[in-house]
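Structure first, commentary second.
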Amino acid sequence: MKIIDKDILDVEFITHEKINKLSTFHTKGVVKGVFYPKNSKELIAVVNHLTRNNIKFKIIGNGSNILISPQGAKSIFISTKKLYHYIRFKESKCFVSSGVSLNQVYIHCLRRSLSGFENLAGIPGTIGGTICSGSGAFGSSIFDHLDYIRILQDGKIKKIKKSDIEYGYRSSSLKNTIILSACFTLEKKDRQDIREKYINNCNFRIKNQPKGYSCGSIFKNPEGFSAGWLIEKCGLKNITHKDACISEKHANFIINNDNASFYDIKYLIDLCKKEVYRRFSIRLDCEVEIY
Ligand SMILES: Cc1cc2nc3c(=O)[nH]c(=O)nc-3n(C[C@H](O)[C@H](O)[C@H](O)COP(=O)(O)OP(=O)(O)OC[C@H]3O[C@@H](n4cnc5c(N)ncnc54)[C@H](O)[C@@H]3O)c2cc1C
C-alpha cells in the first residue's frame, strides 16, 4: 500500500507483520500491514485515511480473542498496543484509554480501594477489545460498571452511554466501531477483600486453565451446559491435529503447540462442532472471533 496522506506519514506502519505478534494464538503467516498509532490524533488520521480510500481494516487490541484467517490477513490492521495509555480517576469514576490492559486497570483500582475489576483482571485483553467482545469472568462482565464509551464515528468523537449499547453474554453491538476510551463507576471496598478475590481468581485459572498459545475459551457455553464438558464427553480432550491440540486440562481451550496454522486450529473447531452436534444436537457458537 502506498501511503500518500501527509497526516499519516509519521504513523508507524509495518508491512507483512507476523500474525504471531497480533494474536495470542501465535499462528503462522503474515498480514498485509499494521498501523501502530501513538495517540488519538494519529489513530483518527489513520481511520480517516483508510475510510476515505475504501481500504478494509480491522482494529485490534491484545489479539486474545481473534483467530486471523488467510482472508482476514489480507486487510490492514490498526493496533492499539502502542497507543498513548491513560488511567485517570475522579473519586469513584475511572477514565481509561482503549489500549490499556484489564490487569493495569485492576492494579490502579486496587491502590485506591476501588472494586470492579478484580474478577476481570485475569482476562488478557485491552479495554477496547473487552468491551467489543462483551468479555467477562467469575460472574462479572465488563459492562457491569461501565458508564459510557467514546468512539470514533464519521471522523468525529462521539460519547455513547451504556444504555445505548446492546450487549449480552460475550457479545456487543460494538463490532466494527473504534472505541477510544471508556468511563467506569467503581465501588469503594476493603482493599484486602479486593486483593483476595483477585488472587483466588488467579489461582482458579492456574489450576483449571492450560498454559500455552490460545485465545481462551473457543466456544460460548450453550444455555444450561458447559462447552468444555460437552467436548470432553465427545472424547475430544487431548486430540491433536498437526501442531494444534484440544487441551487435556480444559476441553474448551485449543492450544497452538508452536507451529499450528489457522487451518489446523479451524480443523479442531469444526471437529468439536460436528461431534457435539452429533452426540447432543447442540450447536456450539464460537466465542473466539474468526476474522
Ligand atoms: C488465557 C486466556 C484466558 C481468557 N479468559 C477469558 C475470560 O475469562 N473471559 C472472557 O470473556 N474472555 C477471555 N479470554 C478472551 C479474551 O482475552 C477477551 O475476549 C478479551 O477481552 C479480548 O481483548 P483483546 O484486547 O485481546 O481483543 P482483541 O482480540 O484484540 O479483539 C477482539 C475484538 O475486539 C475488537 N477491538 C479491539 N480493540 C478495539 C477498539 N479499541 N475498538 C473497537 N473494537 C476493538 C476487535 O476488532 C475484535 O473484534 C481469554 C483469552 C486467553 C488467551
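Quick notes on this structure:
- Going through (1) under 18 Å from the mean Cα position of the chain (by Cα); (2) of a type outside the set (S, T, N, Q); (3) closer than 26 Å to Ser92 by Cα one by one, Phe219 falls short only on (3).
- Test set (1) in contact with a Lys or Arg (Cβ under 9 Å, 6 or more places away or on another chain); (2) part of a loop (DSSP other than H, G, I, E, B); (3) within 16 Å of the ligand (Cβ to nearest atom) - Lys237 fails condition number: (3)
- Any strands (runs of 3 or more DSSP E) falling wholly within region 62-157 and containing at least 3 residues that are aliphatic (A, V, I, L, M): 146-153
- Qualifying residue in region 149-170 (condition: touching a Lys or Arg at 6+ places or on another chain (Cβ under 7 Å), within 12 Å of the ligand (Cβ to nearest atom) and touching a residue at least 40 places away in the same chain (Cβ under 8 Å)): yes
Let's see how each residue does on (1) at pLDDT 95 or above; (2) touching an Asp or Glu at 6+ places or on another chain (Cβ under 9 Å); (3) not acidic (Asp, Glu):
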site: Ile131; (1), (2), (3): yes, no, yes
site: His145; (1), (2), (3): yes, yes, yes
site: Asn176; (1), (2), (3): no, no, yes
site: Arg191; (1), (2), (3): yes, no, yes
site: Phe204; (1), (2), (3): yes, no, yes
site: Phe225; (1), (2), (3): yes, no, yes
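- Failed condition for Ser75, given (1) polar (S, T, N, Q); (2) within 13 Å of the ligand (Cβ to nearest atom); (3) out of contact with any Cys (no Cβ under 7 Å at 6 or more places or on another chain); (4) not assigned by TED's automatic domain parsing to the domain that holds Pro37: (4)
- Annotation note: Cβ proximity below 7 Å between a residue of region 61-90 that is on the phi > 0 side of the Ramachandran plot and a residue that is surrounded by fewer than 23 Cβ atoms within 10 Å (Cβ to Cβ) (sequence gap 6+ or interchain) occurs for Gly63/Thr24.
- Within region 158-188, being more than 16 Å from Leu120 (Cα to Cα) and part of a loop (DSSP other than H, G, I, E, B) holds for Ile165, Glu166, Ser173, Leu174, Lys175, Asn176, Thr177.
- Among the numbered conditions (1) out of contact with any Pro (no Cβ under 9 Å at 6 or more places or on another chain); (2) closer than 15 Å to Asn201 by Cβ, the only one that Tyr148 does not meet is (2).
- Region 124-141, subset within 14 Å of Thr24 (Cβ to Cβ) and not hydroxyl-bearing (Ser, Thr, Tyr), residue farthest from the ligand (Cβ to nearest atom): Pro124
The values are calculated or read from the model by the stated rules, or taken from the named source; none is laboratory data. Note that the structure is predicted; figures quoted are calculated from it, not measured. Note that each Cβ is placed from the backbone with ideal geometry, even for glycine, and that neighbours are counted across all protein chains shown.
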